[in-house]
1. Report the residues of the range 41-67 in range of a label on Arg81: point 7 Å along Cα→C-beta, backbone N strictly under 19 Å from it.
2. Nearest 0.05, what FRET efficiency do Ala96 and Ser52 give at R0 = 30 Å with Cβ-Cβ as r?
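Please treat every number below as a calculation from the coordinates, not as lab data. Note that the structure is a prediction, hence the values are computed from the model and not measured. Neighbour counts run over all protein chains shown; Cβ positions are idealised from the backbone, glycine included.
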Amino acid sequence: MNEQTQAGAREVIQARLKAILEKLLVGVPGASLRSAEEITSQADFASLGLNSVDFLEFTINVETEFHLDVPDEVLANTSMRSLNAWTAYLSTQQAARPELNAPPFPPDVR
């Protein structure tokens, strides 16, 4: 995969992750986010107001969206608490396992 294709793939992954975070956090009573624009690539999950239950729900959504199981040792890694870290992890996984490049499930299938 060339550099431009990798950058495009990372953008797609990040957009999908932002959509998951938006669903979990934007407009939810008690959440600190008012709009999806507040979710930046540099944002760490704590600053977005993601608690441990939200993180578990985020992980489940990521596993479903990207058709993979995230190992416990990856989840335990404290560096996996940001959008950039998840984007990098998923980019690596997709490069190593092309079958993960399948499009997401349509919303009515979940």
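1. Only 41-60 fall inside the zone, counting backbone N under 19 Å.
2. On the way: r = 28 Å, r/R0 = 0.95.
Calculated value: 0.60.
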